[in-house]
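A.B. asks: Sharing a structure with you now.
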């Protein structure tokens, strides 16, 4: 399909993005500014950034419902001055009579909800992999169905969207990775509940989950003693090689495995920890009760990583699932290091919230 | 290969993980506790958590070097009481004479650096996809080479590790996604610099980058006016449908595109913003200077998502790259909402740090 644009003086179009779904053609036009560097606003129309040549700005969307697919014929539109005219079904040197026009939607980037990707993530040129087009349609279906609803059968969805099952599966897989859908073994695919919300604070995992009305739990994987490596010795302010207790536990939200946490503490400072601590309980509660430790500060670093095969197995998820990884060193109220922690959370099930205040 | 364990009364083994590399067999045994809920420690041996039945704990690793690969014959080990005996080459009803034993390495999970995945991410059963084994070797190479070094040619590496180029490429791809390697177009693959570190604070992106000695910048993509949807109206405390300015900008660190940010502000509150604000500059500096706004608090939510095709194109990365997504509503010192922001950061280039203090 070829699209030709003509326009009057005073407007340059940098990009013309066309997508075609059945007999519905969408054409989006981007205005390239003139290097003035100052944004301007067309009266009554959209706010338009002049910007520099590297800043195309989507100006308008036209939709035309055609009586038949375009095939390899050309759709020609004429643009006058700053405003875009309705689609015109005649043009120099082209095919005519293709369009029965709907009212063009002028001067507006498609509305989007703040917080969602702009343009539903579809580039201005409109070309996306087929699976991604299916993903955006699935996402609309997910919203319409609501939490807990079963997704229709794969075959039915593939037919509905007119794609192969391989393409459908790729779209479903991304929505699973992002936590919008959940696969239940031997049962099907369901609309996932919202992500859990853990405060970035000195609050323990146990306390953070309880405040959301979720029952926290831990499954111990490793309880061992290791000599401190150089980095750990610096963090815990102990000698390199001094004994460190390493607790590795799967984090549970109800019955669901949602993370894996490794905690390192000085054995000299907490000599009876292994005997006194039940790994199924809250470590912070034990440190407070048995060792009189009150936390005063923590330094955290948060990044995203892919799950290793071992982590994926222990948490019960796919390898290479994007995870949120939190590194923490916590100090008591006297400023002495208490623990170093590596907490891995399922990216599809977890988010962090923080309330930040001005310093001083 | 089959492995059979027998043991005396008083110890239950929950898991037996076996890996075989050529003639080297590693067997790891997990002890299932007896539901006493109290951890115990075998004298002189490893720290062992009793825990409940849901808490397998890795107890010991035995290594046996065999004279020939096991094939489908059975290796049988006998475990006495609480301690694991050396591999014994005789057993009831099994094949004998297979093992010439090395000294068993008892009571220790392989050492690992705090902050890195335990066991380098390799499950206790030792079975990992070929590409993952290559990935762990590549990671060691990356550390040895150091930042900025060029990775040897693909063909050379594939030969060195004895894998196909397809397998090698999968390992390299994951390290690229995780920000350990960087592909430079037409040049090769290099050891990536450490991730940038952005404070989770009221500090602007501009200020956060400057403190790391990085020159921040912005490229304007969209400057437009939208009617507030219901969610945005609540967040900004305006009427639904009231005009909102949406600024969409690519975030730059030096010349590198590392994020994409959409900011929404009330047009009624900031009527001359579009005229006065140069999108290449810091928005916070403009709000302070031109509108006298001092920020007092922000509420943030952080999660991981996959880049959409449009975002990947604007940021110049791969679609489906894991990203860090930060939602923010910022308030001035009088508690009035100033902006709602959606900031997307490349997961391979970005991390967040926070310093948390006890409440009150």
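A.B. asks: Does residue B:179 meet the test of being more than 21 Å from the chain's Cα centre (by Cα), at pLDDT 90 or above and either within 13 Å of chain A (Cβ to nearest Cβ) or closer than 30 Å to residue A:300 by Cβ (or both)? Give the derivation first.
C.D. replies: Working: more than 21 Å from the chain's Cα centre (by Cα): no; at pLDDT 90 or above: yes; either within 13 Å of chain A (Cβ to nearest Cβ) or closer than 30 Å to residue A:300 by Cβ (or both): yes.
No; evaluated as a whole, the condition is false for this residue.
A.B. asks: With the structure loaded, tell me whether residue A:304 is surrounded by 21 or more Cβ atoms within 10 Å (Cβ to Cβ), facing another protein chain (nearest Cβ under 8 Å) and free of Cβ contacts under 8 Å to residues at least 24 places away in the same chain or whether it fails that test.
C.D. replies: no
A.B. asks: Please work out which residue is farthest from the other protein chains (Cβ to nearest Cβ), limiting yourself to the range A:349-360 and to residues that are crowded, with 18+ Cβ neighbours inside 10 Å and in contact (Cβ under 8 Å) with a residue 60 or more places away in the chain.
C.D. replies: Step one: list which residues in the range A:349-360 are crowded, with 18+ Cβ neighbours inside 10 Å, which gives A:349-352, A:354, A:356.
When the remaining residues are screened for being in contact (Cβ under 8 Å) with a residue 60 or more places away in the chain, the result is A:349-352, A:354.
Numbers: A:349: 10, A:350: 7, A:351: 4, A:352: 5, A:354: 5 Å.
That would be A:349.
A.B. asks: Quick check, is residue A:149 farther than 28 Å from residue B:226 by Cβ and either assigned by TED's automatic domain parsing to the domain that holds residue A:316 or at pLDDT 80 or above (or both)? First the steps, then the outcome.
C.D. replies: Working: farther than 28 Å from residue B:226 by Cβ: yes; either assigned by TED's automatic domain parsing to the domain that holds residue A:316 or at pLDDT 80 or above (or both): yes.
Taking the combined requirement at face value, the residue satisfies it.
A.B. asks: Test residue A:280 against the stated conditions and say whether it is touching a helix residue (DSSP H, G or I) at 6+ places or on another chain (Cβ under 7 Å) and assigned to a loop (DSSP other than H, G, I, E, B). Give the steps one after another, and end with the answer.
C.D. replies: Details: touching a helix residue (DSSP H, G or I) at 6+ places or on another chain (Cβ under 7 Å): no; assigned to a loop (DSSP other than H, G, I, E, B): yes.
No: the conditions fail for residue A:280.
A.B. asks: If we keep just the residues of the range B:307-348 that are more than 10 Å from every other protein chain (Cβ to nearest Cβ) and in a loop (DSSP other than H, G, I, E, B), which is farthest from residue A:175 (Cα to Cα)?
C.D. replies: Among those that are more than 10 Å from every other protein chain (Cβ to nearest Cβ) and in a loop (DSSP other than H, G, I, E, B), it is B:334.
A.B. asks: Does residue A:156 fit the bill of being within 25 Å of residue B:322 (Cα to Cα) and away from chain B (no Cβ under 14 Å)?
C.D. replies: Details: within 25 Å of residue B:322 (Cα to Cα): no; away from chain B (no Cβ under 14 Å): yes.
The answer is no for residue A:156.
The values are calculated or read from the model by the stated rules, or taken from the named source; none is laboratory data. This is a predicted model, so every value here is computed, not measured. All Cβ positions, glycine included, derive from the backbone under ideal geometry; neighbour counts span all protein chains shown.
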